[in-house]
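The values are calculated or read from the model by the stated rules, or taken from the named source; none is laboratory data. Every value quoted in this text rests on a predicted model; they were computed, and no experiment measured them. In this analysis, Cβ positions are derived from the backbone assuming ideal geometry, glycine residues included, and neighbour counts consider all displayed protein chains. The area values use the complete protein model at the heavy-atom level, side chains included, leaving out ligands, DNA and RNA. Shrake-Rupley method; radii C 1.70, N 1.55, O 1.52, S 1.80 Å.
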Amino acid sequence: MKKAILSIVLCSFLCGSIYAQDVILLKNFWKGSYLHTENEMLQVSDINPNSENVQWHLIDVGNEQYQLKNAATNTYLNFAHNQLSTVTESTATGTIWMFEKLPDGDHVRIQNVQIPDRYLHIERGLACSPVESHWHSAMWIMERPTTAATFQNNTGVSSTSQGSNTNATTYFNPQLALDAHNQLRDEVGVPPLVWDDRLAQIAQDFANRLAMKNRGDQFVLEHSQTRGLGENVAGGFVTGDRPEIRIFNGWGNGEKVNFNPVTKRCFDGKICGHYTQIVWKKTTKVGCAVTINENGKYILVCNYDPPGNFNGGTPF
């Protein structure tokens, strides 16, 4: 399975490099105004860039796909039924976006993953629809705020409070991780997995070792190469989505769009191996674990038995 990479760099001519999990501002190139929330509505207008309403948490869900979570409302930018909105549920498929870096290197187009030909723009007001390549209204500048908002997940754990992995026992819920797996399996009609403490301990041992390599700014993600088991590995921040959401949206919905239901394989050039391992019919057991570093990073590891993703095989 290919290595998942979280520290994808998105460039802005105003601020150098912006990394996944940053707090960002989205400034429209045409109007010079910012995307923000106002009275639970989305707007693009002139606003104080240090206001929480204009700040968005860039959450990497894997496969170069992201969610945008507003600092003021803790809601996600969503596109569904041809309407832009913000929603509280991060599991909504319309909350996943891709950033297309333009040739000038200074701007991006923001594309919805659920409906790939739709881009965020303000040509005739804020919308998400097909655009012309020359539209400045569909070009965005990613900036850093002068004062970034502090994001809290619903556990109340912030990145500065993590001194060791002792908090992982309260931050990570094995039942929710199992439920995320089985919801994805139920969607394709394969039997549910059962939790296995032995697999969870193997996952914990490797998560502890891998966390030691993730004390710096960049993510280092690799596989343990444990023989006889399948394995999915991811990294995140405790200020971002919880591990069970990373399972469901990152490994699950984030890669499901790359899975060809006819051939039962990934579309050419796309990654879907985390997803296919989750829904592999002959896999019956799973065990997952999380290790949290002092810098607020967490490492998520899930092991599977029997393993999936055999060459020449299909998941179901």
Condition first: at pLDDT below 95, surrounded by 12 or more Cβ atoms within 10 Å (Cβ to Cβ) and not in a helix (DSSP H, G or I). Can you find one or more residues in the stretch 160-168 that meet it? yes
How many residues are polar (S, T, N, Q), surrounded by 16 or more Cβ atoms within 10 Å (Cβ to Cβ), at pLDDT 90 or above and touching a Phe, Trp or Tyr at 6+ places or on another chain (Cβ under 8 Å) if we restrict to the stretch 24-69? 2
Here's a check for you: in the stretch 227-278, which residue that is modelled with pLDDT of 90 or more and of a type in the set (Ser, Thr, Tyr) is most open to solvent (accessible area, probe 1.4 Å)? 263
Criterion violated by residue 185 - all others in (1) basic (Lys, Arg); (2) under 22 Å from the mean Cα position of the chain (by Cα); (3) more than 18 Å from residue 305 (Cα to Cα) satisfied: (3)
When you check residue 85 against the structure, is it polar (S, T, N, Q), under 19 Å from residue 31 (Cα atoms) and modelled with pLDDT of 90 or more, yes or no? no
Top-ranked residue in the stretch 30-65 [being in a strand (DSSP E or B) and more than 21 Å from residue 97 (Cα to Cα); ranked as nearest to the chain's Cα centre (by Cα)]: 38
Just checking, how many residues over the stretch 236-267 are among the hydrophobic types (A, V, I, L, M, F, W, C), touching a residue at least 24 places away in the same chain (Cβ under 8 Å) and assigned to a strand (DSSP E or B)? 1
Using the structure shown, decide if residue 116 is open to solvent by 30 Å² or more (accessible area, probe 1.4 Å), at pLDDT below 90 and out of contact with any strand residue (DSSP E or B) (no Cβ under 9 Å at 6 or more places or on another chain). no
Filter pass, residue 292 being of a type in the set (Val, Ile, Thr), more than 19 Å from residue 182 (Cβ to Cβ), open to solvent by less than 30 Å² (accessible area, probe 1.4 Å) and more than 14 Å from the chain's Cα centre (by Cα): yes
I want to confirm something. Restricting to the stretch 200-218 and keeping residues that are of a type in the set (A, V, I, L, M, F, W, C) and open to solvent by less than 30 Å² (accessible area, probe 1.4 Å), which single residue is farthest from residue 63 (Cα to Cα)? 200
Can you confirm whether residue 197 is within 29 Å of residue 23 (Cα to Cα) and open to solvent by 10 Å² or more (accessible area, probe 1.4 Å)? no
Can you find, within the stretch 70-89, the residue that is farthest from residue 266 (Cα to Cα) among those that are assigned to a loop (DSSP other than H, G, I, E, B) and open to solvent by 40 Å² or more (accessible area, probe 1.4 Å)? 72
For residue 284, only one of the following conditions fails: (1) touching a strand residue (DSSP E or B) at 6+ places or on another chain (Cβ under 8 Å); (2) open to solvent by less than 10 Å² (accessible area, probe 1.4 Å). What is its number? (2)
